[in-house]
Amino acid sequence: MKSTNPHIKKILEHYTKISRLGKVKATLDWDLNVNMPPKASQGRANQSAYLEEIMTDLWLDKDFLVKIEKANKEKNLSLEDKGVLRNLNRSVKFYTKVPKATIIELTKITSEAFVHWREAREKNNYKLFLPHLKKIIALEKEIAGHLGYKDNPYDALLDLYEPELTAEFTKKTFDALKNELVPLIKSIQKSKSYEKETDLVGSKMLYPKPDQERLLQFIMQKMGFDKEAGRLDISAHPFTTGLGRYDIRLTTKYSEDDFRDSFTATMHETGHALYEQGITVEYDETPLEYGVSLGIHESLSRFWENMVGKNPAFLHYMTPLFQANYPKQLGNVTETTLVKAFNLVKPSLIRIEADEVTYSLHIILRFEMENALINGKITPEEAPEVWRKKSKEYFGIVPEKDSDGILQDVHWTYGSFGYFPSYALGNLYGAQFLNTMKKTVPFDASLEKGELQPVKDWLDKNVHTHGSLYFPHDLMKKVTGEDLNPKYFVNYLREKYTKLYSLSQ
Ligand code: MG
């Protein structure tokens, strides 16, 4: 991007260094997850920590901070100049307000906690993790104090992941969502055509990896992924990372007894990748260069995974392709069976196995727990019992083991309080985008013919291209004309599952 403001020009020049080093570090992290031999882990940790140190110094460069201060006072800045400043002020706030000692302490406590969390989960013994969780919560509160907040310390933590998100807004949104989801799930379960399982997958089935891979290459190309500007690899937990505007890496994983896993995971990650590939080249190496937030990122990945990939119209197009790709296993499969297999609804204890209807409830549960823990409304000692109660209320089932309850996720171990809500917000943002998209794009009709280009074009033009020029709520308003509203997601689910399970309206 070009700026006419002299301060902004200098700021952008300095930021280039931060941007380049950030990508070097991201390359090391990608390598760690994809290629690195286990014995290299200590060396890699040292390299990454050193890079982190240099980057922190660049963020705290006096001249840079003075220029930002000066630019903050300028009038008549362009929209892009303002976006640059707003994003920089956010990052600088973290580096300048949270003492270095606190960050070091957090790194130490969380790396210790990880080992104990893993053991606690394996042995189903919450007590092994409890002292570490207590320390993490105390430190998270301290960080919130440094960052500052109006009435709820949790707001300061939420804002780290989703700019300007508050607990009050999240609660209001999630309460509305919860009140709709719980009865919807019950009516799906009562439906005559309700099925919990599909016999297309399981230990008796074998879907060889090369066959799955062929289908992944096909779908990525269909979605419009630029293979010359990114690549697909394998890792234990699929992820996507941007190493530059023309180098977007994504990963997938294969289960040979379930052909759906790699397919949906790859559509999800390609959704993340298309976002990064779609950002205007003008913003490369500027503070506007990445997707704006976790929530918006997740809205796009979930959009492709669920709203496209599991859409009955799209599966109509895909049925003969699945049949041809797996002739022995799926040669005679009907469209109805396939659509059901991709859209099973089953309340379960484990978040990462959840379907698109029950998924948000897992997040709502975690949001309520975090908000209560950070505000001292419940103690870490009481937390497993509260988890069980909520589980009963939302899913109708209670985890017998804490390993399937409060110990299942790694996030708190990393000190990532405030991260979870962005997953559920993603569902809501995505459905609201879809509602607006449908006004100009013949969505189902295109999907039925396997035409995904109009969908990608719409997202490129309305969402991707902006990078992080707008904060999530401003982007939402700009694209859809209104603030985030959970009714679009609820309507989307109702419409889809009423048809699938012949529910009475
Ligand atoms: Mg994701």
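The values are calculated or read from the model by the stated rules, or taken from the named source; none is laboratory data. Please read these numbers as outputs of a predicted model, since none were measured by experiment. Heads up, the Cβs are rebuilt from the backbone with ideal geometry, glycines too, and the neighbour counts pull from every protein chain shown. Each accessible area value is taken on the protein alone, full model and side chains, heavy atoms only, with ligands, DNA and RNA left out. Shrake-Rupley method; radii C 1.70, N 1.55, O 1.52, S 1.80 Å.
Quick check: is even one residue across region 157-164 open to solvent by 80 Å² or more (accessible area, probe 1.4 Å) and modelled with pLDDT of 95 or more? Let's see the steps before the verdict.
So in region 157-164, the residues open to solvent by 80 Å² or more (accessible area, probe 1.4 Å) come out as 164.
Narrowing further to those that are modelled with pLDDT of 95 or more: none.
Checking region 157-164: not a single residue is open to solvent by 80 Å² or more (accessible area, probe 1.4 Å) and modelled with pLDDT of 95 or more.
Please determine, by comparing only the residues of region 382-437 that are buried (at least 20 other Cβ atoms within 10 Å of the Cβ) and β-branched (V, I, T), which one is nearest to the chain's Cα centre (by Cα).
Top of the filtered list is T413.
In region 272-298, which residue that is within 10 Å of the ligand (Cβ to nearest atom) and in contact (Cβ under 8 Å) with a residue 40 or more places away in the chain is farthest from L12 (Cα to Cα)?
In this case the residue turns out to be E298.
Give region 438-477 a look and list any residue that's over 17 Å from G278 (Cα atoms), in contact with a helix residue (DSSP H, G or I) (Cβ under 8 Å, 6 or more places away or on another chain) and open to solvent by 40 Å² or more (accessible area, probe 1.4 Å), or say none.
Hits for region 438-477 are T440, P442, D444, A445, E448, K449.
Conditions (1) closer than 15 Å to G376 by Cα; (2) aromatic (F, W, Y); (3) open to solvent by 50 Å² or more (accessible area, probe 1.4 Å), marked per residue:
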residue: T102; (1), (2), (3): no, no, no
residue: L106; (1), (2), (3): no, no, no
residue: I109; (1), (2), (3): no, no, no
residue: W117; (1), (2), (3): no, yes, no
residue: E122; (1), (2), (3): no, no, yes
residue: H132; (1), (2), (3): no, no, no
residue: K135; (1), (2), (3): yes, no, yes
residue: D155; (1), (2), (3): yes, no, no
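Just checking: which of the helices (runs of 4 or more DSSP H) contained wholly in region 313-383 hold 3 or more residues that are farther than 30 Å from K135 by Cα?
327-330, 335-342
If you scan region 192-205, which residues turn out to be over 23 Å from P320 (Cβ atoms), free of Cβ contacts under 8 Å to residues at least 60 places away in the same chain and open to solvent by 80 Å² or more (accessible area, probe 1.4 Å)?
Those that are over 23 Å from P320 (Cβ atoms), free of Cβ contacts under 8 Å to residues at least 60 places away in the same chain and open to solvent by 80 Å² or more (accessible area, probe 1.4 Å): S203, K204.
Pick from region 227-257 the residues that are in contact with a Lys or Arg (Cβ under 7 Å, 6 or more places away or on another chain), open to solvent by 40 Å² or more (accessible area, probe 1.4 Å) and not in a loop (DSSP other than H, G, I, E, B): which of them is farthest from L32 (Cα to Cα)?
R231
Could you count how many residues in region 206-226 are among the aliphatic types (A, V, I, L, M) and surrounded by fewer than 17 Cβ atoms within 10 Å (Cβ to Cβ)? Break it down into steps so the answer makes sense when it comes.
Let us first name the residues in region 206-226 that are among the aliphatic types (A, V, I, L, M), namely 206, 215-216, 219-220, 223.
Now drop any that are not surrounded by fewer than 17 Cβ atoms within 10 Å (Cβ to Cβ), which leaves 206.
Residues that pass the stated criteria total 1.
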